[in-house]
Each structure stands twice: as C-alpha cells, then as structure tokens.
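Engineer: Before anything else, here's the structure in question.
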Amino acid sequence: MDGPAIELRGLGHRYNGDPVLRDLDLTIEHGEIFGFLGHNGAGKTTTVNILTTLIEPTSGRAAVNGHDVVAERSLVTADIGYLPSEVRMYPHMTGAENLTFFAELSGVSNPKRAAAETLEYLGCADLADRRLGTFSTGMRQRIGIAQAIVHRPDVLFLDEPTAGLDPVGIRQLRETIIRLNRDLGMTVFMNTHQLSEVAKVCTTIGVLSRGELIYKDSMEETTRRFPNETSLEDIYVRMEGVPT
Ligand code: ADP
C-alpha cells in the first residue's frame, strides 16, 4: 500500500454547474475509523461516491491506498468495500446465492467458500438459505455488509449505516465495525448522523458543511479540546454555527 488509506487534495464536485464539494483536503491513515458528519445535503454521499469510483470528481484528486480513483479505478475497486445507504438486492436469491454472486464479481478464488465464511464471520449463517425478499431491514443490512467485505477489502465505506436499524441492530453494527477494524485491520469511512455512534466507534471525525470540511481531528483530541461540552452534539452544533 503506497500512501495513506484515503487522500483528498483540492477535491471539488459540481452537479450541473452547482458546486457541492469545495476544495476538500483530507488524509485518513490506515487503521482509522473515520466518522464523516454533516447535515443532509452537505456532500457526504457525493464524497463517498467519488471515493468508491461511482462518479468522477469535477476538480482535484482523490486516492485510496495511493491509487487515483479515476486513473487507477480497478486498483481502487479491488481494495474497497461499500455499503450504500440503500442496499439493492434480488428478492428471489438466497443470502448465500447473493453473496456468492458478489464474491464472483470481485474475483475471489473460491466464491462459494468466501460467501459461507463471510456469513459465518458475521454471525449470520442463518441467512444463507433464506430468500432476500423476506428479509427485515436489519437482515438486509447484514447481507449488505457481507457483500461489502466478501473480498476482504482494506477500506470499508458505509453510508448512513444506522438508518432504519433498531437499538439491537445498531449495537450489532457497532460491534461488527470494531471487529472488522481490530481483527482484520480494515480502515472504515462512515457517513453518519448518529452522533452517539460516532463517539462510541470512531477514532477520528470530520465535519462537512455545505461542501467544505470545517473540522477534522481525532476523537481523543476532540473531547480534549471541548472539555466543557457535555456531548458530541453540542460540539457539532457549535462547529456548524447553528444558533442554540
Ligand atoms: P449528503 O450525503 O451530505 O446528504 P449529498 O452528497 O447527497 O449530501 O448531496 C449534496 C448536494 O448535492 C445536495 O444539495 C444534493 O441535492 C445534490 N445532489 C446529490 N446528488 C445529485 C445529483 N445526482 N444531481 C444533482 N444534484 C445532486
């Protein structure tokens, strides 16, 4: 791996001429769990869509493991996994069939075995023979994570992963993220609104406001710098300049 896990340099994006990302500079080192905070419409999904090669930036550059997301797209896609905010899946397929299909797409040597091992690792072997059309939100999300990690990527992107989950699902997700990071060494980049989760899981946070990165620091330093704030929410509101 050449270079940091994620690097943005002067990254900008426009939709139909309207700027939604402005001159973003951001470095995320290997092994971090990065929480990307920001209001709806701040540009978080656009940033992740660029990093996961789904769209090309209109200015600046972005790299994963030192690979440029435009010039070295296939090297980037081999190194990343992505759980989008809405997981699309074929309802007639079983969990195992779906995962084997994704393992084949990502070119792993034994797709069937990789699928079974991934379900086992995530503690959801019980989903292997069930049809996706019968899944609850929590089950869909677990299969979504399984899809994202079936090829054991270095960097995992999660877009609003707690949306629609109940407290049990949120706790399972948190434990999964921590295991993937600690046991498999995955760097995690997570878009989220769930401030309490950020405080429990993330090692570093960034705040995006109207397409500009207005804050980035370690979780430790953030809580040290704002010693009188009672919660991350207060810090966030203060940084966003929202009147209280
Ligand atoms: P976030 O994930 O922080 O909610 P997004 O990246 O989804 O923010 O959106 C940033 C801005 O870009 C919003 O104003 C949104 O309406 C706009 N936008 C997102 N996708 C498109 C698109 N495909 N075409 C035009 N505008 C878009």
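Engineer: What's the total number of residues in region 203-216 that are at positive phi and not basic (Lys, Arg)?
Structural biologist: Adding up the residues that qualify gives 1.
Engineer: Might you let me know whether region 179-191 holds any residue that is open to solvent by less than 10 Å² (accessible area, probe 1.4 Å) and touching a Lys or Arg at 6+ places or on another chain (Cβ under 7 Å)?
Structural biologist: yes
Engineer: May I pose another question? If you check every pair at least six apart or on different chains, which have Cβ atoms under 6 Å apart with a residue in region 41-60 that is farther than 15 Å from Leu213 by Cβ first and a residue that is open to solvent by less than 30 Å² (accessible area, probe 1.4 Å) and assigned to a loop (DSSP other than H, G, I, E, B) second?
Structural biologist: Going by the 6 Å Cβ cut-off, the qualifying pairs are Thr53/Val69.
Engineer: Say we look at region 212-223 and pick out the residues that are under 22 Å from Asn49 (Cα atoms) and open to solvent by 40 Å² or more (accessible area, probe 1.4 Å); which of these is farthest from the ligand (Cβ to nearest atom)?
Structural biologist: Per the criteria, the residue is Lys216.
Engineer: Can you tell me which residue among Leu11, Leu75 is of a type in the set (A, V, I, L, M) and over 29 Å from Leu184 (Cα atoms)?
Structural biologist: After applying the criteria, what remains is Leu11.
Engineer: Continuing with the same structure: Among the residues of region 176-211, which ones are modelled with pLDDT of 90 or more, among the β-branched types (Val, Ile, Thr) and within 16 Å of the ligand (Cβ to nearest atom)?
Structural biologist: Ile205, Val207
Engineer: Can you pull out every residue in region 18-50 that is at pLDDT 95 or above, surrounded by 18 or more Cβ atoms within 10 Å (Cβ to Cβ) and not in a strand (DSSP E or B)?
Structural biologist: Those that are at pLDDT 95 or above, surrounded by 18 or more Cβ atoms within 10 Å (Cβ to Cβ) and not in a strand (DSSP E or B): Glu32, Gly43, Lys44, Thr45, Thr46, Thr47, Val48, Asn49, Ile50.
Engineer: Is it the case that Tyr236 is under 22 Å from Asp25 (Cα atoms) and assigned to a strand (DSSP E or B)?
Structural biologist: no
Engineer: If you don't mind, there's one more thing I want to ask. (1) in contact with an Asp or Glu (Cβ under 7 Å, 6 or more places away or on another chain); (2) near the ligand (Cβ under 9 Å from one of its atoms); (3) within 25 Å of Arg182 (Cα to Cα): which one isn't true of Thr45, the others all being true?
Structural biologist: (3)
Engineer: Test Phe102 against the criterion of being under 21 Å from the mean Cα position of the chain (by Cα), within 16 Å of the ligand (Cβ to nearest atom) and either closer than 30 Å to Gly3 by Cα or not acidic (Asp, Glu) (or both), and give yes or no.
Structural biologist: It is false that Phe102 is under 21 Å from the mean Cα position of the chain (by Cα), within 16 Å of the ligand (Cβ to nearest atom) and either closer than 30 Å to Gly3 by Cα or not acidic (Asp, Glu) (or both).
Engineer: Still on this structure, please answer the following. Quick check on my filter: what residues within region 51-83 are within 17 Å of Asp154 (Cα to Cα), within 16 Å of the ligand (Cβ to nearest atom) and open to solvent by 20 Å² or more (accessible area, probe 1.4 Å)?
Structural biologist: Tyr82
Engineer: Out of all the residues in region 84-97, which are touching a helix residue (DSSP H, G or I) at 6+ places or on another chain (Cβ under 8 Å) and either surrounded by fewer than 22 Cβ atoms within 10 Å (Cβ to Cβ) or more than 25 Å from Ala125 (Cα to Cα) (or both)?
Structural biologist: Passing the criteria: Pro84, Ser85, Val87, Met89, Tyr90, Pro91, His92, Met93, Thr94, Ala96.
Engineer: Need pairs with beta-carbon distance below 9 Å; first residue of a type in the set (Phe, Trp, Tyr) and within region 12-24, second within 9 Å of the ligand (Cβ to nearest atom) and outside any strand (DSSP E or B); sequence gap 6+ or separate chains.
Structural biologist: Correct list of pairs: Tyr15/Thr46.
The values are calculated or read from the model by the stated rules, or taken from the named source; none is laboratory data. Just so it is clear, the model here is predicted, and its values are computed rather than measured. Note: ideal-geometry Cβ built from the backbone for every residue, glycine included; neighbour counts use all protein chains shown. The protein model used for the area step is the full one, side chains on, heavy atoms only, and it has no ligands, DNA or RNA in it. Shrake-Rupley method; radii C 1.70, N 1.55, O 1.52, S 1.80 Å.
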